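J.: What follows is a structure written as structure tokens; I'll ask about it next.
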Amino acid sequence: MVDFHNSVVFQALHSEDNYLRIQEDRLSGTGSSLDISTKENLEKLVSIGEKLLKKPVSRVNLETGLSEPVKNGGTNEEALKRFAKLLPDERRLRQSKVSKHQGGG
């Protein structure tokens, strides 16, 4: 539900490339519980996360409600690296705007 709502908002703002949601919908057993902190379960969660990184970037199709791979979207791992490069630049840009607005530059 949250994914669908966020997809609607980002698509309405023509900013869908700025929204990335990585999730596994088919978790079962202890892997579906983050409260079980045994070494075995933590290793299972790490394994699930590593597999998710290799999957293609996907988005909710607003007509069907189903998650679909994004054409030329690459993997989740590649998308996270792109975001990691963009965030410091975005922060600097916002800080410079605040500084100019406050008369500091």
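Read-outs: derived from the displayed coordinates by stated rules, not from any lab. Everything numeric in this text was worked out from a predicted model, so none of it was measured. Here the Cβ is made from the backbone with ideal geometry for all residues, glycine too, and neighbour counts use every protein chain on show.
J.: Any idea which of (1) surrounded by 10 or more Cβ atoms within 10 Å (Cβ to Cβ); (2) under 24 Å from Asn6 (Cα atoms); (3) without any contact (Cβ under 8 Å) to a residue 40 or more places away in the chain is the one Lys100 doesn't satisfy?
T.: Going through the list (1) surrounded by 10 or more Cβ atoms within 10 Å (Cβ to Cβ); (2) under 24 Å from Asn6 (Cα atoms); (3) without any contact (Cβ under 8 Å) to a residue 40 or more places away in the chain, Lys100 breaks only (2).
J.: List every residue pair whose Cβ atoms lie under 7 Å apart, where the two residues are 6 or more positions apart in sequence or sit on different chains, the first residue falls within the range 38-53 and is without any contact (Cβ under 8 Å) to a residue 40 or more places away in the chain, and the second residue, located anywhere, is assigned to a helix (DSSP H, G or I) and hydroxyl-bearing (Ser, Thr, Tyr).
T.: Hits for this filter: Asn41/Thr30; Lys44/Thr30.
A quick yes/no check of all residues on (1) part of a strand (DSSP E or B); (2) more than 21 Å from Asn6 (Cα to Cα):
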{"position": "Glu43", "(1), (2)": "no, yes"}
{"position": "Ser47", "(1), (2)": "no, yes"}
{"position": "Arg59", "(1), (2)": "yes, no"}
{"position": "Thr64", "(1), (2)": "no, no"}
{"position": "Phe83", "(1), (2)": "no, no"}
{"position": "Leu87", "(1), (2)": "no, no"}
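J.: Go through (1) in contact with a Leu (Cβ under 7 Å, 6 or more places away or on another chain); (2) among the charged types (D, E, K, R); (3) touching a residue at least 40 places away in the same chain (Cβ under 8 Å) for Glu24 and report which single condition fails.
T.: Every condition holds for Glu24 apart from (3).
J.: What are the residues in the range 61-105 that are within 22 Å of the chain's Cα centre (by Cα) and polar (S, T, N, Q), if any?
T.: Asn61, Thr64, Ser67, Asn72, Thr75, Asn76
J.: Might you check whether a residue that is over 26 Å from Leu87 (Cα atoms) and β-branched (Val, Ile, Thr) occurs anywhere in the range 22-33?
T.: Yes, because at least one residue in the range 22-33 is over 26 Å from Leu87 (Cα atoms) and β-branched (Val, Ile, Thr).
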